[in-house]
Amino acid sequence: MKKKVFVMILGAILTTGLFTGCKGENKESKESVYHIGISQFAEHGSLDNCREGFLEGLKEEGIEEGKNLEIDLDNANSDTATAAQISDKFVSDKVDLICAIATPSAQAAYNSAANTEIPVVYTAVTNPEEAELAGEDKTPVGRVTGTSDQLPVEAQLKMIREMLPDAKTIGILYTTSEANSVHSIKEYEKYAKEYGFTLETAGVTNTSEVSLAAAGLLEKVDCLTNLTDNTVVSVLPTILEQANKKGIPVFGSEIEQVKLGCLAAEGLDYINLGKETGKMAAKILKGEAKAEEMPYELLEGSSLYINEKAAENLKIELPEELKNRAEEVFTEIEG
Amino acid sequence: MDFAISIIEQGLIYGILALGVYITYKILDFPDLTVDGSFPLGAAVTAALLKSGVNPYLTLPVAFLAGAAAGLCTGLIHVKCKVRDLLSGIIMMTALYTVNLMVAGTNNVPLFSKETIFKNEFLSGIFSGGISKYSNLMIILLIVLISKFALDGYLKTKSGYLLRAVGDNENLVTSLAKNKGNVKILGLSIANGLVALSGCISCQQQGVFEISSGTGAIVVGLASVIVGTSLYKMLKKISFIKVTTFVFLGAILYKACTGIAILYFPPQAMKMISALFLLGVLILILVVDKKEKRGKSHA
């Protein structure tokens, strides 16, 4: 009897092994088809845009899904352990390249692929140095490179100053667990004084706390500005409603937020960021460059987005010069 | 096959966490939510120690002690301040979030360039060539075996029997002239010590401390314990394997389930697969249980 149980358990373990093992062995080794594993950390507008841009970038370099590209897409649903499992799977599938979107996925992918030949290309990592994905001078620490989505903080502060010449205090809501946000807060602290602002921040740990934190912050500030903070941005409408009631302008950090009713943003275009990343990946796949020799890249400059309707509601006169410079001016508020 | 190894590695690491949850949930009958905080606490302590260049093997006992301290606090809040069990766990879990941020210094600490229990000079001397692929698994297995047998051994001591008695029949403990509160506190300490140990190993395996790594840890732990103990119940009569081993098996199965979801299902389906898996196991056990009972009544 005892033996039987042993056999059963052993059988169970072996079958899971078989299930998981078979996919790797089925892989055909066609030279012309590239196999890329995309590990995305969470379902999120900006990250989705990164992914789309990445595929577009590859396409522009002649690597296209359905033709010579096989994509394996997985999403960690914001769980670090799952992110590790996903990149482990890509490594055991022996993909040609792993594309990791957002810091935790990038770190997991780098860790999984450390002792292999598989290159990792990341995007939407705000600070690759702090994440130990790059050394000083942007040089890679291994077979890993990519693009950073560092916010154009100075440009944003300058734009806010132009729009609100009398504002004294800027408020920022952020999640204490998001590496990108913590880093951006440091950047704001560094530059706020130069533009004559004092900074007020409020940290939250999840979406349910945002509303209260916003109410507290709005008591103290002349305007709010957003980061690319996933938690805060996901409940942006609540913040906007509260701020609008008090007539306090809210600035965004990317196009989607301005569409939703933020006054303006000097932001990144995540599709473009993804495209840059896709082009880097194409170079690596074609053998034109090596990941371990490519420094990570930043998107040059920023694009200004303005929402006229929001300005009208807040009775703010938009400077002509800003309007002319804007990449896109929205006249409606979505949603 | 590499992916299967990675599943077993993660399963064993989370199995140590499940062992802790087993103590609180099954033995003490205490729904302890401290776990969501003590798991990353173990990782935070580890990250802080490794950053300061301490011998990586020292992180294991220190993380255990840190977790035990957290469990001690939960116990004190529950027993001394008379706060309800669920609430005292929630209080500690919430407080630990701040503690973890302070201990680690920031929310994300990469450990790629540091020596860890999986990657140091001593190890690269032992493991080389072909078996280096299995070195992580062997190290994890060693820690797992030590913690499992230590716990098995402890549960057989007098103090261990008292621990089990508290969950089953509090009055018995009182009638033995023992303070049941103290026993509970001890149990919570050991449990959270194990959870933190699991966090310590996990962050070294993944090469990074991440504050959000604890979110949902209790879910993984509970699921593993329920699957493990249910299997144990089902096979009790025909097996000599201890329930603690089944807890590890439960954790591995749970991780295998996420693995299968990653392999064969669209990304959005992952949580549903995990939920269905858990439900499936519970129904299976219900069916087997009923059959057994029917068999008995016929006999």
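The values are calculated or read from the model by the stated rules, or taken from the named source; none is laboratory data. No experiment lies behind these values; they were computed from the predicted model shown. Here the Cβ positions follow ideal geometry from the backbone for every residue, glycine too, while neighbour counts run over all protein chains shown.
At a glance:
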| read-out | value |
| --- | --- |
| Boolean, residue A:167 is in contact (Cβ under 8 Å) with a residue 24 or more places away in the chain, over 23 Å from residue A:326 (Cα atoms) and among the hydrophobic types (A, V, I, L, M, F, W, C) | no |
| Failed item, numbered, when residue B:205 is tested on (1) out of contact with any strand residue (DSSP E or B) (no Cβ under 9 Å at 6 or more places or on another chain); (2) within 14 Å of another protein chain (Cβ to nearest Cβ) | (1) |
| Top-ranked residue of the stretch A:261-318 - restricted to ones that are part of a helix (DSSP H, G or I) and among the small types (Gly, Ala, Ser), ranked as surrounded by the fewest Cβ atoms within 10 Å (Cβ to Cβ) | A:311 |
| Qualifying residue in the stretch B:231-238 (condition: hydroxyl-bearing (Ser, Thr, Tyr), in a helix (DSSP H, G or I) and buried (at least 19 other Cβ atoms within 10 Å of the Cβ)) | yes |
| The lone exception for residue A:185 - which of (1) within 14 Å of chain B (Cβ to nearest Cβ); (2) in contact (Cβ under 8 Å) with a residue 12 or more places away in the chain; (3) over 25 Å from residue A:78 (Cβ atoms) it fails | (3) |
| Count of the stretch A:65-97 residues which are in contact (Cβ under 8 Å) with a residue 12 or more places away in the chain, surrounded by fewer than 24 Cβ atoms within 10 Å (Cβ to Cβ) and closer than 17 Å to residue B:274 by Cβ | 2 |
| Selected residue (only one of B:137, B:50, B:60 is closer than 28 Å to residue A:176 by Cβ, surrounded by 13 or more Cβ atoms within 10 Å (Cβ to Cβ) and within 14 Å of chain A (Cβ to nearest Cβ)) | B:50 |
| Scope the stretch A:98-117; condition surrounded by fewer than 24 Cβ atoms within 10 Å (Cβ to Cβ), in contact with a helix residue (DSSP H, G or I) (Cβ under 7 Å, 6 or more places away or on another chain) and either at pLDDT 95 or above or within 9 Å of chain B (Cβ to nearest Cβ) (or both); matching residues | A:111 |
| In the stretch B:74-102, residue nearest to the chain's Cα centre (by Cα) [restricted to those that are away from every other protein chain (no Cβ under 14 Å) and within 19 Å of residue B:211 (Cβ to Cβ)] | B:89 |
| Tally of residues being more than 7 Å from every other protein chain (Cβ to nearest Cβ) and of a type in the set (S, T, N, Q) across the stretch B:253-267 | 0 |
| Residue in the stretch B:64-81 that is of a type outside the set (Phe, Trp, Tyr), in a loop (DSSP other than H, G, I, E, B) and either without any contact (Cβ under 8 Å) to a residue 24 or more places away in the chain or out of contact with any strand residue (DSSP E or B) (no Cβ under 8 Å at 6 or more places or on another chain) (or both) present | yes |
| Filter result (β-branched (Val, Ile, Thr) and in contact (Cβ under 8 Å) with a residue 12 or more places away in the chain) within the stretch B:147-183 | B:166, B:183 |
| Some residue of the stretch B:211-229 being outside any helix (DSSP H, G or I), within 11 Å of chain A (Cβ to nearest Cβ) and under 25 Å from residue B:12 (Cα atoms) | yes |
| Matching residues, the stretch A:103-121, being touching a residue at least 24 places away in the same chain (Cβ under 8 Å) and either more than 16 Å from residue A:80 (Cα to Cα) or in a loop (DSSP other than H, G, I, E, B) (or both) | A:113, A:114, A:116, A:117, A:118, A:119, A:120, A:121 |
| Meets criteria (more than 11 Å from the chain's Cα centre (by Cα), modelled with pLDDT of 90 or more and surrounded by fewer than 24 Cβ atoms within 10 Å (Cβ to Cβ)) for residue B:222 | no |
| Conditions (1) touching a helix residue (DSSP H, G or I) at 6+ places or on another chain (Cβ under 9 Å); (2) of a type outside the set (D, E, K, R); (3) away from every other protein chain (no Cβ under 13 Å); number of the one not met by residue B:234 | (3) |
